[in-house]
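The values are calculated or read from the model by the stated rules, or taken from the named source; none is laboratory data. Owing to the predicted nature of the structure, the values given are computational and were not obtained by experimental measurement. When we count neighbours, we look across all protein chains shown, and the Cβ atoms used for this are built from the backbone with ideal geometry, even at glycine.
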């Protein structure tokens with residue numbers, strides 16, 4: 001793993017106080033009666049060449065966060081800066097320039113490719129729209145080169161998505177994301193729909209591409225073993241909030257937040273004779289439409305205190321950048 005970590009120079013991407021609320025409307029006049037707080041005031045930075053893993057249970061807001069910072073979903077409020085420039089306030093023409101440098105790999109390789117378009121058309125579309133090829137022949141040459149880089153036979157260039165397996169389709173999606181030579185890619189559960197053996201191949205491909213092109217990733221996932229393999233740092237989300245963020249090694253060896261401790265206790269170990277204490281959380285995740293007061297985790301926390309139920313916990317940060325939001329001071 002290449003040694004790029006946050007703290008070395010200016011961050012490539014800086015996210016501060018990002019919120020995305022989805023209004024709930026009822027009645028004849030469709031009045032807003034509540035808001036689903038999918039992403040609720042999150043902040044983080046990503047350095048050039050760094051992979052930040054974003055983990056948490058299904059429905060915690062990971063995918064919404066990734067799409068909001070690319071403006072595929074319009075955020076409710078907050079700030080996103082890419083190379084020091086404001087993304088959320090950018091005009092249409094300014095956003096077009098950002099699009100070249102900020103791409104996404106979608107979760108579902110079956111739904112993310114247009115079945116009526118050939119591989120050549122799918123990958124070359126962005127190249128042609130952004131004027132990165134002199135002519136059609138040049139665009140096709142770039143597509144063949146991209147197919148080779150993602151370990152697909154360039155002879156497949158005129159085939160259609162239905163002729164490929166799930167792993168091959170995801171490689172086409174990766175080639176499409178690479179076609180504009182971006183600096184930052186959101187990997188939105190990019191391997192979760194694939195078989196385990198194929199997952200390993202795609203993860204290693206993503207790591208090779210990152211090191212070759214100096215890419216930065218926001219790697220959204222729920223599989224902690226995959227996140228541990230690819231990420232330099234990991235952010236843990238719960239109910240729309242980031243509750244802990246640290247270098248990968250520190251987070252897995254010394255988790256501070258009770259929710260992170262519970263998540264890591266559920267990761268299977270290879271040694272069947274090893275004893276591992278499981279932390280089983282009680283109850284269900286509260287509704288993001290009506291989150292609990294105080295600490296959002298207090299309804300399920302095995303170490304809950306009275307103060308957790310009424311006061312928002314402080315964010316504690318160590319010298320190495322390991323930060324967590326909790327009333328427990330360890």
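Has the range 301-308 got any residue that is surrounded by 15 or more Cβ atoms within 10 Å (Cβ to Cβ), assigned to a loop (DSSP other than H, G, I, E, B) and in contact with a helix residue (DSSP H, G or I) (Cβ under 9 Å, 6 or more places away or on another chain)? Yes - at least one qualifying residue is present in the range 301-308.
Please indicate, with yes or no, whether at least one residue in the range 52-75 is surrounded by 21 or more Cβ atoms within 10 Å (Cβ to Cβ) and at positive phi. Yes, because at least one residue in the range 52-75 is surrounded by 21 or more Cβ atoms within 10 Å (Cβ to Cβ) and at positive phi. Looking at 243, 307, just one residue is at pLDDT 90 or above and within 22 Å of the chain's Cα centre (by Cα), and that residue is 243. Filtering the range 153-163 to residues that are within 14 Å of residue 109 (Cβ to Cβ) and touching a residue at least 24 places away in the same chain (Cβ under 8 Å) leaves 160, 161, 162.
Checked across the range 115-130, the condition of being under 25 Å from the mean Cα position of the chain (by Cα), surrounded by 16 or more Cβ atoms within 10 Å (Cβ to Cβ), touching a residue at least 60 places away in the same chain (Cβ under 8 Å) and part of a helix (DSSP H, G or I) holds for no residue.
When you look at residue 291, is it modelled with pLDDT under 90 and surrounded by 11 or more Cβ atoms within 10 Å (Cβ to Cβ), yes or no? Yes.
As a summary of the residue check, residue 171 satisfies the conditions (1) crowded, with 20+ Cβ neighbours inside 10 Å; (2) in contact (Cβ under 8 Å) with a residue 40 or more places away in the chain; (3) in contact with a helix residue (DSSP H, G or I) (Cβ under 8 Å, 6 or more places away or on another chain) except for the one numbered (2). Scoring residue 81 on the criteria (1) in contact with a strand residue (DSSP E or B) (Cβ under 7 Å, 6 or more places away or on another chain); (2) surrounded by fewer than 20 Cβ atoms within 10 Å (Cβ to Cβ); (3) assigned to a helix (DSSP H, G or I) leaves a single failure, condition (3). With the structure loaded, tell me whether residue 309 is closer than 30 Å to residue 22 by Cβ and in contact (Cβ under 8 Å) with a residue 40 or more places away in the chain or whether it fails that test. So residue 309 does not fit the description; no. Within the option set 153, 134, being more than 28 Å from residue 46 (Cβ to Cβ), loosely packed, with under 15 Cβ neighbours inside 10 Å and at pLDDT below 90 holds for one residue only, 134.
Filtering 41, 45 for residues that are more than 11 Å from the chain's Cα centre (by Cα) and on the phi > 0 side of the Ramachandran plot leaves a single hit, 41.
Matching residues to (1) free of Cβ contacts under 8 Å to residues at least 40 places away in the same chain; (2) assigned to a strand (DSSP E or B); (3) within 20 Å of residue 208 (Cβ to Cβ); (4) touching a helix residue (DSSP H, G or I) at 6+ places or on another chain (Cβ under 7 Å):
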| residue | (1), (2), (3), (4) |
| --- | --- |
| 99 | no, no, no, no |
| 104 | no, yes, yes, yes |
| 111 | yes, no, no, no |
| 132 | no, no, no, no |
| 140 | yes, no, no, yes |
| 143 | yes, no, yes, yes |
| 147 | yes, no, yes, yes |
